[in-house]
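Heads up, the thing below is written out as structure tokens.
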Amino acid sequence: MPKSQTREHICPECGTQAKEPYKTWELIAPFPDKKMRITLTIFGMYEC
Ligand SMILES: [Zn+2]
């Protein structure tokens, strides 16, 4: 199991640290990488 990452939530508007995103969605890469891993990117929308 990979280490769980702790990521700060940064408001894209002003760059300050924000609270939990009020909306998130996941984008899964359509193809696996060289190591046959699927890249999952989580996007979030923030308000601060
Ligand atoms: Zn902001």
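Sub-7 Å Cβ pairs linking a first residue in the range 13-29 that is over 15 Å from G44 (Cβ atoms) to a second residue that is among the β-branched types (V, I, T) and surrounded by 10 or more Cβ atoms within 10 Å (Cβ to Cβ), at least 6 apart or interchain, are I28/I38; A29/I38; A29/T39, ordered by first then second residue. One residue stands out among those in the chain that are of a type in the set (K, R) and modelled with pLDDT of 85 or more: the one that is nearest to the ligand (Cβ to nearest atom), which is K23. Residues in the range 14-48 that are among the aromatic types (F, W, Y) and not in a loop (DSSP other than H, G, I, E, B): W25, F43.
The values are calculated or read from the model by the stated rules, or taken from the named source; none is laboratory data. These numbers were taken from a predicted model, which means no experiment stands behind them. Neighbour counts run over all protein chains shown; Cβ positions are idealised from the backbone, glycine included.
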